[in-house]
Amino acid sequence: MTWFPSNGDPTYRDEEPLKRKVLTGLGLAVDELRETTVFDRNTTKTEREKLVFCAVDEFDLNLTYGWYLAGTLTATPTPESSTQLPTPNTPDPEVERYRRFFAEDELFRVGGAGEEYTLVNVLLGTSKHQFLIDFYKEFAPEEYRELYIESTKIREELETMGEKLDSQGEDMSLGSFGVTTEVLSQSEISDLRRNISGLHIELTSEAFEDIRKPVIEGTDIIEMALKGAAGRESLTDDQERILLDLGDFYYDYVWKYPAHQIAANEASGPHAGEFKQRHSSKLDKFDQKLNEKRESIESKCLKANLLTGPNEYVSDEKAELADLIHSLVKDEVKP
């Protein structure tokens with residue numbers, strides 16, 4: 001297995017042996033769990049990154065990590081598949097320490113007295129999005145905590161909508177029996193809009209002043225496209241393709257912009273400076289990259305009749321944001 005960073009930069013090469021030992025301990029713990037528990041999935045790459053961080057936090061390990069797209073990200077590479085996890089050639093006391101930690105210890109507890117997370121909980125006890133939300137509640141820097149939570153909720157909503165669209169063919173077949181169904185309901189769109197408005201509120205921080213406008217414009221086109229689909233009983237192939245691509249557009253373009261900003265400021269470990277600089281350098285041209293992608297999606301939406309013209313959604317945005325702020329204030333003053 002190659003343990004150099006995917007871009008070939010050897011900056012973090014001195015950290016690879018330690019990272020390999022942590023991952024080996026994790027792999028052994030998962031294998032041990034399989035012997036006593038029935039489950040049919042492996043850890044995801046995102047889960048492995050979070051579990052490695054739990055070891056970094058527990059043992060104060062000298063591994064460089066920062067906060068990026070899905071939260072903590074170690075600078076040294078993590079295998080794409082759990083089947084690529086290293087296996088020990090000989091017994092290693094350090095590997096055994098990590099195995100015990102992952103197999104036997106509490107990894108973290110939300111809020112100190114809330115949900116307890118062990119390896120079993122991660123693999124069997126909760127959804128991937130809830131796991132991430134709870135992880136952020138416990139570990140995310142305070143100034144970015146709600147931003148990560150709102151972003152995760154948006155991703156979950158978009159994934160749920162995508163799954164619904166994937167089953168569209170089966171649902172539409174009900175029409176032959178006189179049953180009509182909406183592709184996407186207004187209530188589903190409203191739930192997403194509330195989360196996007198929450199994201200906008202978090203972006204009012206001075207840290208995001210330079211990138212706020214293009215990010216909000218990116219979420220606007222997502223909302224406009226979904227609003228154009230709401231209430232319809234069927235979609236054309238072009239319309240469905242556009243809607244199915246919105247989740248990737250959000251994660252790989254809209255959310256990646258503030259994620260680069262966070263990573264350029266939040267990193268720890270022996271090579272934290274290099275980690276920050278790498279993401280800082282990517283900010284310079286990302287504005288153009290995001291705008292070009294947004295304009296492409298807007299053009300496709302116009303051609304596919306998902307919106308009648310640019311900015312048609314703006315009139316509703318202030319009212320929705322006002323409703324959200326009102327609800328937040330009400331929650332704040334509850335006894």
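Please work out the Cα center distance from the stretch 248-307 to the stretch 26-77, rounded to the nearest Å.
Centre-to-centre distance over Cα atoms comes out at 25 Å.
So what's the net charge close to P270: Lys and Arg +1, Asp and Glu -1, counting the other residues with Cβ under 10 Å from its Cβ?
Working: positive: none; negative: D14, E15, E274.
Summing Lys/Arg as +1 and Asp/Glu as -1 gives -3.
DSSP loop trypsin sites (Lys or Arg not before Pro) in the stretch 265-298 with at most 15 other Cβ atoms within 10 Å of their Cβ, which ones? Let's see the in-between values first.
Details: sites: K276, R278, K282, K285, K289, K293, R294; in loops: K285.
Here the trypsin sites (Lys or Arg not before Pro) that fit, given the DSSP loop and packing criteria, are K285.
Mind giving me the FRET efficiency for L283 and N121? R0 is 25 Å, r the Cβ-Cβ distance, nearest 0.05 is fine. Walk me through the numbers on the way to the answer.
Numbers: r = 36 Å, r/R0 = 1.44.
So, using R0 = 25 Å, E works out to roughly 0.10.
Report ³J(HN,Hα) in whole Hz for each residue of the stretch 274-289, in order, from the Karplus equation J = 6.51 cos²θ - 1.76 cosθ + 1.60 where θ = phi - 60°; Gly and Pro get x.
These are the phi-based 3J(HN,Hα) values: 5, 4, 4, 5, 4, 7, 4, 5, 7, 6, 4, 9, 6, 4, 5, 4 Hz.
Around E32, with a cut-off of 14 angstrom between Cβ atoms, what is the net charge of the other residues, counting Lys and Arg +1 and Asp and Glu -1? The partial results should precede the final answer.
Numbers: positive: R34, R99, R100; negative: D31, E35, E96, E104, D105.
In short, -2.
Suppose R0 equals 25 Å; then what is the FRET efficiency for D40 and S190 from their Cβ-Cβ distance, rounded to the nearest 0.05?
Here the calculated transfer efficiency is 0.10.
Residues with amide H under 5 Å of T72's amide H, sequence separation 5 or more or different chain, H placed in the peptide plane at 1.01 Å from N; which?
Hits under the 5 Å cutoff: none.
Fewest to most neighbouring Cβ within 10 Å: what's the order for L307, L26?
Working: L307 18, L26 27.
By the 10 Å Cβ count, ascending, the order reads L307, L26.
Say the dipole of the stretch 258-304 comes from +1 at the beta carbon of Lys and Arg and -1 at that of Asp and Glu; which of G273, L302, Q261 then lies farthest toward its positive end?
L302
How about the stretch 204-277: which GluC sites (Glu not before Pro) there are in a DSSP loop, with at most 15 other Cβ atoms within 10 Å of their Cβ?
Working: sites: E206, E209, E217, E223, E233, E240, E266, E274; in loops: E209, E233, E266.
Passing sites in the stretch 204-277 are E209, E233.
With θ taken as phi - 60° and the coefficients 6.51, -1.76 and 1.60, list the Karplus ³J(HN,Hα) couplings across the stretch 252-262 in order, rounded to whole Hz; mark glycine and proline as x.
8, 10, 5, 6, 5, 5, x, 5, 4, 4, 5
Starting from the amide H of H271, placed 1.01 Å from N in the peptide plane, find each other amide H under 5 Å away whose residue is 5 or more places distant or on another chain.
Counting only residues 5 or more places away or on other chains, the set is T64.
Quick one: if you stick a label point 7 Å off each Cα along the C-beta vector at D31 and D105, how many nm between them?
2.1 nm
With charges set only on the Cβ (+1 for Lys and Arg, -1 for Asp and Glu), what does the dipole of the stretch 10-52 come to about its Cα centre, in debye to the nearest 20? Walk me through the numbers before you get to the answer.
On the way: 9 positive and 9 negative charges, 28 e Å.
About 140 debye.
Quick note: the coordinates plus some simple rules give every number you see, no bench work behind them. Everything quoted here is computed from the prediction, not taken from an experiment. Every residue, glycine among them, receives a Cβ derived from its backbone with ideal geometry; neighbour counts consider all protein chains shown.
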